[in-house]
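**Student:** Structure below; questions to follow.
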Amino acid sequence: MSTRDDILRRIRAALQVAPVVPDDAPIIRSLGSDIDIVAMMVDRLEDYRAIVVRAEGDISRAIGHAMHEQGIARAVVDPLLDRMLRPEGVELVEDSGLSARELDGIPAAITTAAVAIAETGTIVLTHEAGQGRRAISLVPDVHLCLLRREQIVGTVPEAMAAIGTPRISTWISGPSATSDIELSRVEGVHGPRTLIVVLI
Amino acid sequence: MGRAYIGISPAFPDAAREALGDTQLRANLARATGTIRAKRANVVAEKADWEALRTTAHARKMQVLRDLPQLLEQFERNATAAGAVVHWAPDAATATRIVADIAKGKGVDSIVKVKSLATDEIGLNEALHAEGIEAKETDLAELIVQLAGDHPSHILVPAIHKNRNQIRDLFIAELPEAAADLSNEPRDLAMTARAHLRERFLDARMAVSGANFAIAETGSLVVVESEGNGRMCLTLPETLVTVVGIEKLLPSFDDLGVFMQVLPRSSTGERMNPYTTVWTGVTPGDGPQEVHIVLLDNGRVRTLADEDGREALKCIRCSACMNVCPVYERTGGHAYGSVYPGPIGAILTPQLQGPPHAQTLPFASTLCGACYDVCPVKINIPEILVHLRAKVHETHTSTIERSGFRAIAWILADGARIRAVQRFGVLLAPASKLPNLLSLPVLRGWTASRRSPSWARTSFRQWWESR
């Protein structure tokens, strides 16, 4: 008998008296309509020390301005990033399967997102067109994420319903952080040390 | 090289006595547990449906236990279809063998690791070291513990027993990237670790991780983390091996929506942890192109067979129970002599490992129940502790103790016998003034921290009858 079959056989034997499964309790799936989820998203992001920019008017100029404020002149993007969403005055490197070392030499990445969760201040990337491979929003030190206001939902269950069952996804709630030394929080460890969210 | 808890570490009572004498440790622990407790309470209070989330998470995990064989088969089928190679390991030796063979097959002599209790449990780093393969921990706290040749003391903040000065000295001694005048500021220390590990991440060819969840419906794995070292390990190397306990399953992708609401809030006291990565087998052009999954038993099936103890397998390793436990807060994690400390460790370690810890750990609790109140999957830890204590007694009660209890039962069964014994006791009352008879060496385990009561000169019955 294979190891696998033996483990499964022993599990079946262990379950001769089956555990009793209780009923689910009703959980909250959406926030009330009186809640401003965009304002809540901004509040949560700022709580995580992310930088939030509200782009009004010309989007590509607004993104370019946000990059310049951070002193960034160069960024990697997914080749399929919408032309309308590319910033003015920033040199863009289209990702053609760049190595980790090559990405390490680029100061920033610009991506879109799949959905965002207001209650927890979370941006979810499913790495489809515009969102890039996982590595591009990981290795560069600044991640600028473009978020359309209508992509923001209230709760985690709503976000799960919106994304379906993607093969890969990355959930991002603020810049990377650690509290491992005397529980004192340090933002920015291995992932991007700066997260900029541009609301469009 | 960190050391695994292999062989026999001291029993809890001895290890705890030693830990209690360490005032620095007690101060660090009190501060840490107090801080996390307060943060958790705040973010839990925000959730109007917290109890419903707990109930649903509990129900989902009970379903996982009930349907485990089918869910494992479903997970294996879907992960395999997505390009992963699924391995089955009945014990630690098989699991470490599988990982070592993959590394050797790739010609790799060093790997990067994401913090993982399952790999600590099987002593993976030591086993790989013996095969000439270096395992580099990449979580900041795990790195600190590894550099110090120490053990984690808390599952969430493993280096909580070390202060900033100790960490600075360690970095200066061990890390080439550390400047000789490195400050003790947490930011400077974290940046030193960033510089040190970045090179490792960029060069790594193989990573080993654990997983917080494995989703049967899709064959996906989930890692919940904060620093980004997890994303680095799960994304950059060409080969990824994930060791995951068979109980880590969730039936459907949608269930993740429940657990991602209870885990970060219970664990770090955050609304959401900074990074969560979900992956399914191999994704062409993105991330590791060779993905292995090791499904680990290592005592879990035996635990599942115990109808009263099996609910310990619902644990999602949040560590909320540790932070509220009056025993853990004073002894710290090392005293438990296992990868799993605190209240959950007191019920999990005896069941996964059996002797010798099974004899003492179930007693490392006051049964106050605070752990049950905070548990996001409603594990009734006190009830399981009592069950495990009873099991110890079934096998270990002495003949003297058993006959003693039988005699007491005989006396208490009859009013006239009670009266007779009380009369006799009253006659002994003056003896209370003599040196404490109960301080005999044979009884010291019980009497060292207790006083024997003195007999009253009049029993309650006598007093009542004479009113």
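The values are calculated or read from the model by the stated rules, or taken from the named source; none is laboratory data. All figures in this text were calculated on a predicted structure; none of them were measured in a lab. FYI the Cβ positions are ideal-geometry reconstructions off the backbone, even for glycines, and counts take in every protein chain you see.
**Student:** Return the residue satisfying two criteria in turn: it lies in the stretch A:23-46 and is facing chain B (nearest Cβ under 7 Å) and surrounded by 13 or more Cβ atoms within 10 Å (Cβ to Cβ), and of such residues it is nearest to residue B:85 (Cα to Cα). Reasoning before the result, please.
**Tutor:** To start, the set of residues in the stretch A:23-46 that are facing chain B (nearest Cβ under 7 Å) comprises A:23-28, A:44.
Narrowing the set further to residues that are surrounded by 13 or more Cβ atoms within 10 Å (Cβ to Cβ) leaves A:24-25, A:27-28, A:44.
Details: A:24: 34, A:25: 36, A:27: 36, A:28: 37, A:44: 39 Å.
Filtering first and then ranking leaves A:24.
**Student:** In the stretch B:63-151, which helices (runs of 4 or more DSSP H) lie fully inside it and hold 2 or more residues that are over 30 Å from residue A:189 (Cβ atoms) and assigned by TED's automatic domain parsing to the domain that holds residue B:216? Spell out the reasoning first.
**Tutor:** Values: elements: B:68-81, B:92-105, B:117-121, B:124-130, B:140-147.
Those helices (runs of 4 or more DSSP H) span B:68-81, B:92-105.
**Student:** Taking the stretch B:376-386 as the search range and keeping residues that are in a loop (DSSP other than H, G, I, E, B) and in contact with an Asp or Glu (Cβ under 8 Å, 6 or more places away or on another chain), which one is farthest from residue B:155 (Cα to Cα)?
**Tutor:** Our first condition is that a residue be in a loop (DSSP other than H, G, I, E, B); within the stretch B:376-386, this holds for B:376-380.
From what is left, the residues that are in contact with an Asp or Glu (Cβ under 8 Å, 6 or more places away or on another chain) are B:379-380.
Working: B:379: 18, B:380: 20 Å.
Looking at residues that are in a loop (DSSP other than H, G, I, E, B) and in contact with an Asp or Glu (Cβ under 8 Å, 6 or more places away or on another chain), I get B:380.
**Student:** Something else now. Might you let me know whether the stretch A:186-198 holds any residue that is out of contact with any Lys or Arg (no Cβ under 9 Å at 6 or more places or on another chain), under 21 Å from residue A:77 (Cβ atoms) and at the interface with chain B (Cβ under 7 Å from one of its Cβ atoms)?
**Tutor:** No.
**Student:** Among B:180, B:141, which is the only one that is aliphatic (A, V, I, L, M), over 27 Å from residue B:345 (Cβ atoms) and either surrounded by fewer than 24 Cβ atoms within 10 Å (Cβ to Cβ) or without any contact (Cβ under 8 Å) to a residue 60 or more places away in the chain (or both)?
**Tutor:** Numbers: B:141 fails: over 27 Å from residue B:345 (Cβ atoms).
Among B:180, B:141, only B:180 is aliphatic (A, V, I, L, M), over 27 Å from residue B:345 (Cβ atoms) and either surrounded by fewer than 24 Cβ atoms within 10 Å (Cβ to Cβ) or without any contact (Cβ under 8 Å) to a residue 60 or more places away in the chain (or both).
**Student:** Can you find a residue that is basic (Lys, Arg), more than 24 Å from the chain's Cα centre (by Cα) and more than 7 Å from every other protein chain (Cβ to nearest Cβ) anywhere in the stretch B:240-250?
**Tutor:** Filtering the stretch B:240-250 for residues basic (Lys, Arg) gives B:248.
If we keep only those that are more than 24 Å from the chain's Cα centre (by Cα) too, we end up with none.
No; the residues of the stretch B:240-250 include none that is basic (Lys, Arg), more than 24 Å from the chain's Cα centre (by Cα) and more than 7 Å from every other protein chain (Cβ to nearest Cβ).
**Student:** Next up: Working carefully through the options B:77, B:60, B:40, B:31, find the one that is within 9 Å of chain A (Cβ to nearest Cβ) and at pLDDT 95 or above.
**Tutor:** Numbers: B:77 fails: within 9 Å of chain A (Cβ to nearest Cβ); B:40 fails: within 9 Å of chain A (Cβ to nearest Cβ); B:31 fails: at pLDDT 95 or above.
After ruling out the rest, the residue left standing is B:60.
**Student:** Any chance the stretch B:388-405 includes a residue that's touching a helix residue (DSSP H, G or I) at 6+ places or on another chain (Cβ under 7 Å) and at pLDDT 90 or above?
**Tutor:** Within the stretch B:388-405 (the criterion being touching a helix residue (DSSP H, G or I) at 6+ places or on another chain (Cβ under 7 Å) and at pLDDT 90 or above), the answer is yes, since at least one residue qualifies.
**Student:** Separate question: Can you pull out every residue in the stretch B:251-294 that is charged (D, E, K, R), more than 15 Å from residue B:84 (Cβ to Cβ) and more than 7 Å from chain A (Cβ to nearest Cβ)? Break it down into steps so the answer makes sense when it comes.
**Tutor:** We begin by selecting, within the stretch B:251-294, every residue charged (D, E, K, R); these are B:254-255, B:265, B:270-271, B:286, B:290.
Then keep just the ones that are more than 15 Å from residue B:84 (Cβ to Cβ); that gives B:254-255, B:265, B:270-271.
Matches in the stretch B:251-294: B:255, B:265, B:270.
**Student:** Filtering the stretch B:43-57 down to residues that are within 8 Å of chain A (Cβ to nearest Cβ) and without any contact (Cβ under 8 Å) to a residue 40 or more places away in the chain, which residue is farthest from residue A:17 (Cα to Cα)?
**Tutor:** By that ranking, first place goes to B:48.
**Student:** I'd like the residue in the stretch B:306-320 that is out of contact with any Lys or Arg (no Cβ under 8 Å at 6 or more places or on another chain) and facing chain A (nearest Cβ under 10 Å) and, out of all such residues, is surrounded by the fewest Cβ atoms within 10 Å (Cβ to Cβ).
**Tutor:** In this case the residue turns out to be B:307.
**Student:** Return the residue satisfying two criteria in turn: it lies in the stretch A:145-172 and is touching a Leu at 6+ places or on another chain (Cβ under 8 Å) and among the aliphatic types (A, V, I, L, M), and of such residues it is nearest to the other protein chains (Cβ to nearest Cβ).
**Tutor:** Restricting to residues being touching a Leu at 6+ places or on another chain (Cβ under 8 Å) and among the aliphatic types (A, V, I, L, M), the top hit is A:160.
**Student:** Just give me the residues in the stretch B:159-177 being part of a loop (DSSP other than H, G, I, E, B) and either in contact (Cβ under 8 Å) with a residue 40 or more places away in the chain or within 28 Å of the chain's Cα centre (by Cα) (or both), in sequence order.
**Tutor:** In the first step, residues of the stretch B:159-177 are kept if they are part of a loop (DSSP other than H, G, I, E, B); the result is B:159-163, B:175-177.
Across the stretch B:159-177, the qualifying residues are B:159, B:160, B:161, B:162, B:163.
**Student:** Considering only residues that are surrounded by 17 or more Cβ atoms within 10 Å (Cβ to Cβ) and of a type in the set (Gly, Ala, Ser), look in the stretch B:19-41 and name the one that is farthest from residue B:167 (Cα to Cα).
**Tutor:** If we take residues in the stretch B:19-41 being surrounded by 17 or more Cβ atoms within 10 Å (Cβ to Cβ) and of a type in the set (Gly, Ala, Ser), then B:19 is farthest from residue B:167 (Cα to Cα).
**Student:** In the stretch A:142-178, what residues are small (Gly, Ala, Ser), surrounded by fewer than 24 Cβ atoms within 10 Å (Cβ to Cβ) and either in a loop (DSSP other than H, G, I, E, B) or at pLDDT below 95 (or both)?
**Tutor:** Scanning the stretch A:142-178 gives A:154, A:164.
**Student:** If you don't mind, another one. Collect the residues in the stretch B:408-433 that are at pLDDT 80 or above, exposed (fewer than 10 other Cβ atoms within 10 Å of the Cβ) and in a helix (DSSP H, G or I), keeping them in residue-number order.
**Tutor:** Listed by number, the residues that qualify are B:409, B:415, B:416.
**Student:** Oh, and also: Among (1) under 27 Å from residue B:253 (Cα atoms); (2) touching a Gly at 6+ places or on another chain (Cβ under 9 Å); (3) of a type in the set (A, V, I, L, M), where does residue A:189 come up short?
**Tutor:** Answer for residue A:189: the failing condition is (1).
**Student:** Looking at this structure, is residue B:337 surrounded by 17 or more Cβ atoms within 10 Å (Cβ to Cβ), in contact with a helix residue (DSSP H, G or I) (Cβ under 8 Å, 6 or more places away or on another chain) and either in the same structural domain as residue B:264 (by TED's automatic domain parsing) or within 25 Å of residue B:27 (Cα to Cα) (or both)? Spell out how you get there, then give the answer.
**Tutor:** Details: surrounded by 17 or more Cβ atoms within 10 Å (Cβ to Cβ): yes; in contact with a helix residue (DSSP H, G or I) (Cβ under 8 Å, 6 or more places away or on another chain): yes; either in the same structural domain as residue B:264 (by TED's automatic domain parsing) or within 25 Å of residue B:27 (Cα to Cα) (or both): yes.
Spelling it out, residue B:337 is indeed surrounded by 17 or more Cβ atoms within 10 Å (Cβ to Cβ), in contact with a helix residue (DSSP H, G or I) (Cβ under 8 Å, 6 or more places away or on another chain) and either in the same structural domain as residue B:264 (by TED's automatic domain parsing) or within 25 Å of residue B:27 (Cα to Cα) (or both).
**Student:** May I pose another question? For residue B:436, only one of the following conditions fails: (1) under 38 Å from the mean Cα position of the chain (by Cα); (2) modelled with pLDDT under 65. What is its number?
**Tutor:** Condition (1) is where residue B:436 drops out.
**Student:** Would you confirm, using the coordinates I've provided, whether residue B:61 is within 27 Å of residue B:291 (Cβ to Cβ) and within 22 Å of the chain's Cα centre (by Cα)?
**Tutor:** The answer is yes for residue B:61.
**Student:** Please specify each residue of the stretch B:359-375 satisfying the condition of being under 20 Å from residue B:317 (Cα atoms) and in a helix (DSSP H, G or I).
**Tutor:** If the condition is that a residue be under 20 Å from residue B:317 (Cα atoms) and in a helix (DSSP H, G or I), then B:361, B:362, B:370, B:371, B:372, B:373, B:374 are the ones that fit.
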